[in-house]
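Quick notes on the structure that follows.
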Amino acid sequence: MTTIPVKQTNPDHGDAVESDNHEIHGDFRLFGLATFLVADGMTFAGFFAAYLTFKAVNPLPAGAVYELELPLPILNTILLLVSSATFHRAGQALHSGAMQRCRRWLLITAALGLAFLVSQMVEYFTLPFGLADNLYASTFYAATGFHGLHVTLGALMILIVWWQARSNGGRINSSNAFPLEAAELYWHFVDGIWVILFVILYLL
Amino acid sequence: MLLVLGGMWVGQNINLLPVDASVNAPIYDELFQVLFTIGTVLFVGIVGLLVFSLIRFRRRSDQIGDGIAIEGNLPLEIFWTAVPAVVVLFVGLYSYDIYDRMGGMVPLAHDHMDGAHEERVWGGISSGSVQAGEIGNALPIDVTAMQFAFLFHYPDGDIISGELHVPAGRPITLRMEAKDVIHAFWVPEFRLKQDVIPGQPTQLSFTPTRPGRYPIVCAELCGPYHGGMRSTVVVEEQDAWDAWFSSNAKTDAANT
Amino acid sequence: MTIALQPETGTERPPRLQPTGWLRYFSFSVDHKVIGLQYLVCGFLFYLIGGALAGAIRTELASPVADFMPRDVYNQVLTLHGTVMIFLWIVPVVNGAFGNYLIPFYVGARDMAFPRLNAVAFWLIPPAGLLLISSYFLTGAAQSGWTAYPPLSITTPATGQIIWILSVLLLGGSSIFGGINFIATILKLRRPGLKLMQLPMYCWAMLGTSILVVLSTPVLAGTLVLLSFDIVAHTGFFNPTLGGNVVVYQHLFWFYSHPAVYIMVLPAFGLVSEILPVHARKPLFGYTTMVYSIMAIVGLGLIVWAHHMFTSGTPPWMRLFFTIATAFIAVPTGIKFFNWLATLWGGRISLNSAMLFSCGFIVNFVLGGITGVALAQVPFDIHVHDTYFVVAHFHYIVFGGSVFVIFASIYHWYPKFTGRMLNEHLGRLHFALTFIGFNLCFGPQHWLGLNGMPRRVAEYDPQFTLINQISSVGALLMAISTLPFLWNVIQSAFAGQRAGDNPWNALTPEWLTSSPPPVENWVGEAPLVEEPYGFGIPAEAFDLAAASGRDLWSSGK
Ligand code: HEM
Ligand SMILES: [Cu+2]
Ligand SMILES: [Cu+2]
């Protein structure tokens, strides 16, 4: 697709997505994304509420296995928290125009995300219970699985951003930072959800 | 004033409910009357005001131009915030009182009617609501709901029946559980309903008063024959019930 | 991911590379007005389908035995009726149709904040709807009611239920996208100089509604995903034989579905607030309290869900809390009604179809609200829960409320959509038939419920036959009432009296442009409307010369 700047006759031109005038409109695209993340967060809230209610009122039947180990999830938490910081670094680098540095931080972030996914997989395969074994197990897999889906999507996004931030022909640079900012907001959100999930599923 | 009197009259004199056949039914009807009265007053008042405005302020053919520019009136707005709030609060407290009198506020956890029933009761009207002196006298019955019938089991005489037979004037405690999907046990003449849930036993306590045969209706969609899932509760005088009981009892347990 | 730009031609105001003329209504148009009308027409088609299903239900219930259709088909029809009416007719029309058409005008924008997303949101609806309906013909539709309570929904035929879940998920997604778009448009896209407290009331209603959509719809989506796991992967979230808890589903479901009733009715409140002042020629009474009451309804609406579960085995403290919270919702709702009455008071009311439908709405909704407060009282509800009394209550609210407002709005904005007027005589005939038919159909159902008729049954105690037949006659009248309406809408599109730009002399911004409006809403700059309800003459100077409020408009900066 070609990019022909739209001549804006009017500052309140509503057609933001089709204009490149992002100084004015960038903030409401991020705002829209933030609204979406609120919605997304409510889905998690629903899962957490269900899990806590089950825990409170439905004791496990005798013989059912539901045990979680802590080391891997703690590692996972650290991976994600660090990746939030590295993404933040990438954003800073972008704004100061240091594209090379930005891309390096992006790669590190993506790698941390992938490491998280791998370690999560390892956890899944070593857990002593399966998806349909009992109520807690099912809810555990539903919540962590849904979160893992988010991480997968996020990692893909980071790789796309990384590709688009290349110096020849990429679309992302310090004057068009929105895609990176959007991915960053999303990534922080996914990390934040993980922390809540960690507390509720593993610690409580 | 006239409106309020009219509303009271309507509330007192128009009866939309079936006959009363349990101790809590007249209590319920009391609440119904109050709600019906308030509702009628409000409805007639608001609709009256609306119709009056539509007629009084309709645009005549010789009129052009706008109405008066009033954009609000704070005291008036506060007034019609406060009045409904008070009415609603009154209704809430009153219905709380009614519910308390029906036994609904007795916590289910403190359910000590019978040592054997240590299992968790998830909802309903607790047997703890039965008058202290009567507790020993309460008649326990197990209710099983399934697609598409109710089964009643009397632990005392080990009777299994498709119809619920109960003696008038004696407190009854139903312990209910469903086999497959959610059903609901409803006797309109008792003004009582409780879902019967698979995996979560519920309880319903009441005291029937008026002898007769009343429908038991399943009120929760439970499958194709949901509409046909009905049974009968037979409220009998004590003697008649005793006779029914002893002719059906398998064990010769003394009539508790 | 990135911002793809459409190639644009180099004219002054570049038109998009999209079909024009009638074809654009079948295209992936990003024009908010086209999308609005797409929502409206599509919703109305589904309304006809839902209405036909209702007709089948009332035919079955004309006799106390199940003789018109097999019992499982009856449950499928019932489920489809509820789902279609809620998710494919009322929600898309009061939000999507009027929201998309009006909100950009009201905030002084040329389109919604995210036009592309907007089109996506609309185009999710027809496939979802067709999927839902085709399930009836392919495999048999879901049979567990629009509430899909497990374990019934787990044990009835799986394919129908899964298709139902899929299509509700799509519709929920559409609704969330729409909600995000409305929030961004209202908060971020306002014309410079336009303050929040100057917005027409419908904007506030849509803001409140969209907040509810964003907060509650995802919970439904998550819940339905869990339910589908129970069906296809044999997990046991809501399956008691596997240790699950069926009541948790009900909590999660109603956490969405009580707000959903406000998603259906808050926009209707907003639309009525636009219509009444214009036809009564008076300012909207109590603007500020209206805004606060909308926000109060949003807040309270999120914490009342368990009033649908008073017989589900909820503990006493929960019943008490939800009774009080629910009853208090009546207070902000009451404020709005008194404000509307005060708006009419002292006006110069034109008794046209739009006004009649709005007043019909007030009458019906007041009754539905009163029965609602009664239902909020646990002891009262224990008797009538899941009976025809509840059926009557919510039809007074969703049909007598929302649907009446949709019709009022069509009479009010049709001239804007098409540039032509609807025929008044047919409109009044439509109103009379609908109002009488509606009350005949649903009024007697209160009595049925009080006296022992449960809801969702195909057969009933013969003592209720007469009242059910009366109700069915009312339904027939309502079906007939759509005929003059359909004729009116179609005939007037071609031969209706020309409306001019502003036939009602209204002051809200959508009327300050041509009818129908140009692609980007205004030639030149959007007007700044600081007083959308600046009707009327100060009480002292009742001057007939100031016939319209045109002098009150201040356009430009
Ligand atoms: C004054 C405000 C209202 C109150 C206090 C209220 C209260 C209630 C209560 C307590 C129930 C549960 C009855 C039962 O199942 O036993 C109920 C059912 C229902 N209400 Fe309302 N309501 C109000 C307004 C509304 C509004 C505005 C709508 C929709 C626009 C609505 C739609 C419904 C629906 C659809 C149901 C039945 C749901 C079902 O079981 O399928 N209500 N209402
Ligand atoms: Cu049943
Ligand atoms: Cu509700």
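The values are calculated or read from the model by the stated rules, or taken from the named source; none is laboratory data. Predicted model, so just to flag it, every value in this text is computed and none were measured. Positions of Cβ are backbone-derived with ideal geometry, glycine not excepted, and every protein chain shown enters the neighbour counts. Remember, those area values only see protein heavy atoms, side chains included, never the ligands or the DNA or RNA. Shrake-Rupley method; radii C 1.70, N 1.55, O 1.52, S 1.80 Å.
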Query raised in the report: Long-range amide H contacts for B:His165: which residues qualify at under 5 Å (H placed 1.01 Å from N, peptide plane, sequence gap of 5 or more or a different chain)?
Result: B:Val234
Report summary line: The FRET efficiency for C:Val519 and C:Trp123, from their Cβ-Cβ distance with R0 = 22 Å and rounded to 0.05, is 0.65
Query - Cα-based reach from B:Lys193 at 23 Å (exclusive), listing lysines while leaving out same-chain residues under 8 positions away - result: B:Lys179
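In whole percent, what relative contact order does the stretch A:77-126 give with Cα contacts below 8 Å and a gap of six or more residues?
Details: 36 pairs, mean separation 20.7, N = 50.
In percent, rounded to a whole number, it is 41.
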Query raised in the report: Taking θ as phi - 60°, what are the ³J(HN,Hα) couplings along the stretch C:84-89 by the Karplus curve (6.51, -1.76, 1.60), each to the nearest whole Hz, with x for Gly and Pro?
Result: 4, 5, 6, 8, 10, 10
Requested in this report: Please report, to two decimal places, log10 I(q)/I(0) for chain A at q = 0.14 Å⁻¹ as given by the Debye formula with identical point scatterers on the Cα atoms and no solvent.
Outcome: -0.87
Report task. Please list the radius of gyration and Dmax for the stretch C:29-532, considering alpha-carbon atoms only, with Å as the unit. Result -> 22.1, 67
Query raised in the report: Where Rh is the Kirkwood radius over the Cα pairs of the stretch C:461-529, the temperature 25 °C and the viscosity 0.890 mPa s, what D in µm²/s does Stokes-Einstein return?
Result: 151
Report summary line: For C:Lys416, counting only lysines whose alpha-carbon sits under 20 Å away and dropping same-chain residues fewer than eight positions off, the answer is C:Lys33
Report task. Report relative contact order for chain A in percent, whole number only (criteria: Cα-Cα under 8 Å, sequence separation at least 6). Result -> 27
Report summary line: Cα extents of the stretch C:119-243 per principal axis, largest first, Å, are 60, 34, 20
Report summary line: Per residue, the convex hull enclosing the Cα atoms of the stretch B:122-248 spans a volume in Å³ of 96
Query - Part-to-part distance (alpha-carbon centres) for the stretch C:360-405 and the stretch A:31-85, which is given in Å - result: 38
Requested in this report: Using only Cα atoms, tell me the angle between helix A:135-164 and the longest principal axis of chain A; keep it within 0 to 90° and round to the nearest 10.
Outcome: 20
Report summary line: Under the Karplus relation with 6.51, -1.76 and 1.60 and θ = phi - 60°, whole-Hz ³J(HN,Hα) for the stretch A:89-105, x at Gly and Pro, equal 4, 4, x, 4, 4, 4, 5, 8, x, 8, 5, 4, 4, 4, 5, 5, 4
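Net charge around C:Ala66, counting only other residues with Cβ within less than 11 Å of its Cβ (Lys, Arg = +1; Asp, Glu = -1)?
Details: positive: C:Arg71; negative: C:Glu60, C:Asp67, C:Asp72, C:Glu459.
Overall, the nearby charge balance is -3.
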**Report entry** D (Stokes-Einstein, µm²/s), Kirkwood Cα radius, the stretch C:317-398, 1.567 mPa s at 4 °C
**Finding:** 91
Report task. For an R0 of 25 angstrom, estimate the FRET efficiency from the Cβ-Cβ distance between C:Tyr25 and C:Ala495 and round to the nearest 0.05. Result -> 0.80
Query raised in the report: Taking amide hydrogens as modeled 1.01 Å from N in the peptide plane, which residues meet the under 5 Å criterion relative to A:Ala165, leaving out close sequence neighbours?
Result: A:Ile172
Query raised in the report: Helix C:201-232: angle to the longest alpha-carbon principal axis of chain C, degrees 0 to 90, nearest 10?
Result: 30
Query - Leading residue at positive end of dipole, the protein assembly as shown (Cβ point charges), from B:Phe190, C:Val291, C:Thr147 - result: C:Val291
Query raised in the report: Cross-link partners among lysines for C:Lys336, C-alpha distance below 19 Å, same-chain residues fewer than 8 apart left out?
Result: C:Lys282
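How much of the accessible area of the stretch C:29-532, in percent, comes from carbon and sulfur atoms when a 1.4 Å probe is used?
Numbers: 9530 of 12980 Å².
The computed percentage sits at 73.
For chain B, what does the accessible surface come to per residue with a 1.4 Å probe? Please give it in Å². Let's see the in-between values first.
On the way: 11240 Å² over 256 residues.
Averaged over the residues of chain B, the accessible area is 44 Å².
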Query raised in the report: So for the pair B:Leu89, C:Thr241, with labels modelled 7 Å out along Cα→Cβ, what separation do we get in nm?
Result: 5.2
Report summary line: Helix B:24-56: inclination vs chain B longest Cα principal axis, degrees, rounded to 10, gives 20
Query raised in the report: How large is the helix-only mean residue ellipticity at 222 nm for chain A, computed as the sum of -39500 (n - 2.57) over DSSP H runs with n ≥ 4, divided by its residue count, in deg cm²/dmol to the nearest 500?
Result: -24500 deg cm²/dmol
Report summary line: Computed on Cα atoms, Rg of the protein assembly as shown relative to 2.2 N^0.38 Å comes out at 0.99
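At 222 nm, what helix-only mean residue ellipticity would chain C give, in deg cm²/dmol to the nearest 500, using -39500 (n - 2.57) for each DSSP H run of four or more? Walk me through the numbers before you get to the answer.
Details: 17 runs with 335 residues, N = 557.
For chain C, the value works out to -20500 deg cm²/dmol.
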Query raised in the report: So how long is each side of the stretch B:156-226 along the principal axes, counting just the alpha-carbon atoms, biggest first, in Å?
Result: 34, 25, 19
Report summary line: Between B:Arg170 and A:Leu149, the two model label points (7 Å from Cα along the beta-carbon direction) sit apart by a distance in nm of 5.7
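Once the other residues with Cβ under 13 Å from the Cβ of A:Ser83 are scored (Lys, Arg +1; Asp, Glu -1), what is the net sum?
On the way: positive: A:Arg89; negative: A:Glu184, A:Asp191.
The answer is -1.
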Report task. Enumerate the calculated ³J(HN,Hα) couplings along the stretch A:184-196 in order (Karplus 6.51 cos²θ - 1.76 cosθ + 1.60, θ = phi - 60°), each rounded to whole Hz, writing x wherever the residue is Gly or Pro. Result -> 5, 4, 4, 5, 4, 4, 4, 5, x, 4, 4, 4, 4
Query raised in the report: In nm, to one decimal, how far is the C:Val232 label point from the C:Phe321 one, both placed 7 Å along Cα→Cβ?
Result: 3.5
Report task. Compute the length gained on full extension between A:His88 and A:Lys55: take 0.36 nm times their separation in residues and subtract their Cα-Cα distance, giving the result in nm to one decimal. Result -> 8.2 nm
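If we count every other residue with Cβ under 14 angstrom of C:Phe394's Cβ, Lys/Arg +1 and Asp/Glu -1, where does the sum land?
On the way: positive: C:Arg455, C:Arg456; negative: C:Asp381, C:Asp386.
Once all neighbours under 14 Å are counted, the net charge is 0.
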Query - chain B - Rg over Rh from alpha carbon coordinates, Kirkwood radius - result: 1.15
Report summary line: Rounded to the nearest 10 Å², the 1.4 Å probe accessible area of A:Leu79 is 30
